[in-house]
1. Would you pick out the residues in region 384-396 that are open to solvent by 30 Å² or more (accessible area, probe 1.4 Å) and either in a loop (DSSP other than H, G, I, E, B) or closer than 12 Å to Gly364 by Cβ (or both)?
2. Is there any pair with a first residue in region 326-337 that is over 9 Å from Thr412 (Cα atoms) and a second that is outside any helix (DSSP H, G or I) and β-branched (Val, Ile, Thr) whose Cβ atoms are under 6 Å apart and which are 6 or more apart or on different chains, and what are they?
3. Could you list, in sequence order, all residues of region 111-121 that are touching a residue at least 40 places away in the same chain (Cβ under 8 Å) and either within 32 Å of the chain's Cα centre (by Cα) or over 10 Å from Pro51 (Cβ atoms) (or both)?
4. Open to solvent by less than 10 Å² (accessible area, probe 1.4 Å), of a type outside the set (Asp, Glu), more than 23 Å from Leu585 (Cβ to Cβ) and in a helix (DSSP H, G or I), is that true of Leu533?
5. So, Ser513, is that one open to solvent by less than 10 Å² (accessible area, probe 1.4 Å), farther than 19 Å from Leu571 by Cα and in a loop (DSSP other than H, G, I, E, B) or not?
6. Any idea which of (1) hydroxyl-bearing (Ser, Thr, Tyr); (2) under 19 Å from the mean Cα position of the chain (by Cα); (3) within 20 Å of Ala697 (Cα to Cα) is the one Ser339 doesn't satisfy?
7. It is to be established whether one or more residues within region 340-359 are of a type outside the set (S, T, N, Q), under 23 Å from Gly491 (Cβ atoms) and open to solvent by 40 Å² or more (accessible area, probe 1.4 Å).
8. Kindly indicate whether Ser108 is of a type in the set (Gly, Ala, Ser), touching a residue at least 24 places away in the same chain (Cβ under 8 Å) and not in a strand (DSSP E or B).
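The values are calculated or read from the model by the stated rules, or taken from the named source; none is laboratory data. Note that this is a predicted model, so its numbers are computed, not measured. FYI the Cβ positions are ideal-geometry reconstructions off the backbone, even for glycines, and counts take in every protein chain you see. In case anyone asks, the SASA skips ligands and DNA or RNA and just uses the protein heavy atoms, side chains included. Shrake-Rupley method; radii C 1.70, N 1.55, O 1.52, S 1.80 Å.
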Amino acid sequence: MPARVPGPNFVARNSCQFGSIRGYPPEPFGLSRALYFNKIQHPANFVFERPTDALVAADLGDDVHRIRSRRHARWKNPSQAVLTAPATGRSAHRVVCGRRGGLKILNSAGRTVLSGVPGATFGRNGDAWLVQFRLEPRMQFYGLGEHSRAFEKSGQRVKFWNTDLIADFAWDEVRLGHPNPMYVDVPWVIVKRGNFFLGLLVHHPGAVFMDLGSNFVWDESNRTDRDRRSFYVGAPDGEPELYLIVGPTLAGLTRKFQRLVGCTPLPPLWALGYQQCRWGYAGPRDLEWLDRELRRRRIPCDGLWLDIDHMDRLKVFTFAPRLWGGPARTRRTLASLASRGRRVVPILDPGVKVEPGYRIHDEGVTQRRFCLGPTGRPYVGFAWPGQTYFPDFSRADVRAWWAAHVAEFARTGAGAAWIDMNDPSTGAAEMDDMRFDRGRQPHAAYHNQYALGMAQATRAGFLAARPEERPFVLSRSAYLSSSRFAAVWTGDNLSNWHHLRLAIPVTLGLALSGIPFCGPDVCGFGLDVTRELAIAWHKLQFLFPFFRNHNSRTERPQEPWQFGAAAERILTHYLRLRYKFLPYLYQLFITQEERGDAILRPLFHDFPDRAAQPLAKISDQFLVGPSLMQAPLVIEGADRRGVVLPGGTAWFSLATGRCHDGGQTIEVQAGEDSTPLFVRDGTLLALRPGVPHVAAADLRTIELHAFLRPGTRGGARTTYSADDGISFAYRRGERSTVDFRARLDDSGTLEISAASISRGYGPLSVRIVTYPGVRRVVFVDGKRRQPLATERFAWRATGRELAGRRSETLTF
């Protein structure tokens, strides 16, 4: 921990009681321990109580159970997380706090599926507490929010504390290591026992800690220090509050947890498109240049993003007059770009420049909106503008004040905002001095949730400015329930193969931790990206939930045309391919909002883990929704790899057109312009027609690609919905939804049927696309069978062209 240097946060002893505000309590929330990231509290230092005397369990329904302390702790839990208990659903498991057996989770047959350690389940050490469980040999662990130290977490010790990665870790650790914790901390761990899953959530905003079977031991009798007997979760203080959720499948568990912390509201369609950003884009000239180049090269792109350079001397909520020419001209520029389909997304940092005469500064000082230091004066940190004050987002009135300024900012024409440096990042200043709630709460009480408060306020501001338009906010840091308010990017990643490989497990970890709308910066933010690496990044991420190209002004430019004509063709193809798949991605976000279904998923989310095919060990393949599986090449110079095809279904390769049986591992070769992408048998895949050269799309017009083998059990089924992609009108019924079913018989006849569920957004225009093996297409409407005329059709997916036939247009 760096030494504290006297400065703006210090006062002389005779002007104020040094280091405290009158009535301020001793240090709770474990801040003095928070920055020792690799050290956590140990059960050997705890005194254990009988669970029946210390804990009480409540069944909230749908196998969501809350465990709390029978006695209130000294310090209350100040969490701002918005948790929603299940509305319905019976629980098949119960939690028992017994005198003899300790804490147990029992299934309907009375069998124990998880148990505390007898005699050492619930412990206290001063204000700290922990709950300890038996570690069974078959247990594996997942989740933990944003975490780079392997996808499977067994044997790890974890402390949850949001960091500014490059500022808080050594450069080589960031470049080639696994620095943890990262920007997003969600104290949620998934416990896997075979194909049975349950999860533990510690509802506490401070420096929560977990030991998932490391070489720490709690029992003196284990003198070899190798017999791992327990795993435990805990917090440095506060009232114990633990949620225990039973899946029992990973899909069921993820869905229940997502609904508890909050499903992602349906984003505007443009937010799922391609976003172009660079630290260095500053004014209208940069944006007009980007618009011209993208249009000339026929590259679809929805968002043009502005980093800190657009501001007037780095002051938040401003545009530099020398670049933008004043408010009226700024509004005209942004409106003109919006009319061409380019949303402009400026950055908002929480650090407010200390400058009398600057409106945000003066309001914040006079209205006492900023965090205070121990002296009672505003806390001073050091961000981009130099000395900065920080809004106190722990307070509702400050969030409302910030939201009002966001609304004013949005009315200039800003299409959205990305909120950065909200870990919070304070430069060289000691964060311990930043206090909350008018100085009454210590820094650790709101450190991890600082970004949550900022996201709440920023989203509210855009809703106030444009109440009929779905807002979009992107945040670097996050906490529990941030999914309700903002998407997340994974922070300052680097342009190397190590970070490329980490992109998959880190994003999957977030997806399993209640933050499904996420993704790393494409090509990497720092270091010069090579031609080969730029292509690999685009092939890896073109179907990730969030897709933004962003890098530093100190590094090589990485717009798609910066790597030569041949590379530009490849990158452009994958950008267009994302827009081709946009209707399918949009459906995944619809089901996320409605049910909490995952978007990016590990293989064992949808398929059982078996000894013959251990899917839980695979972290370089992933599912995009239920129908697509990608296995990108992530090793420098590689042109082939093994691909595990989960059993129980067949898989169509979009790189070769071949159909492979599941339950095997195949070797695939991928040229520079292709990536292994597979479609699950029994899929009706909704895609955009033709080759998208522009971002604008009408979701009512689609191609429905039928990937189906003869005799596939159950045939194929999908529900497709279309709305305007921007407003909340779909909540008022302005959405069209059709349920499609298909069956392919041994003669090669594909039968399609459809049931219109809603036509609130008008009729859908659909063309059925089939592949070799289908001889004819018949539309079945009740007892009527209508043969459909077809024509030859081909489209380039991830490898060669896929040949098939396309039917006449159907209207529903």
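1. Result: Trp384, Tyr389.
2. Pairs that qualify, where the first residue is over 9 Å from Thr412 (Cα atoms) and the partner is outside any helix (DSSP H, G or I) and β-branched (Val, Ile, Thr), are Leu337/Val344.
3. Initially, region 111-121 is screened for residues touching a residue at least 40 places away in the same chain (Cβ under 8 Å), giving 113-114, 116-117, 119-121.
Val113, Leu114, Gly116, Val117, Gly119, Ala120, listed by residue number.
4. On the way: open to solvent by less than 10 Å² (accessible area, probe 1.4 Å): yes; of a type outside the set (Asp, Glu): yes; more than 23 Å from Leu585 (Cβ to Cβ): yes; in a helix (DSSP H, G or I): yes.
When the stated conditions are applied, Leu533 passes them.
5. The answer is yes for Ser513.
6. Failing condition for Ser339: (2).
7. yes
8. For Ser108, the condition - of a type in the set (Gly, Ala, Ser), touching a residue at least 24 places away in the same chain (Cβ under 8 Å) and not in a strand (DSSP E or B) - is not met.
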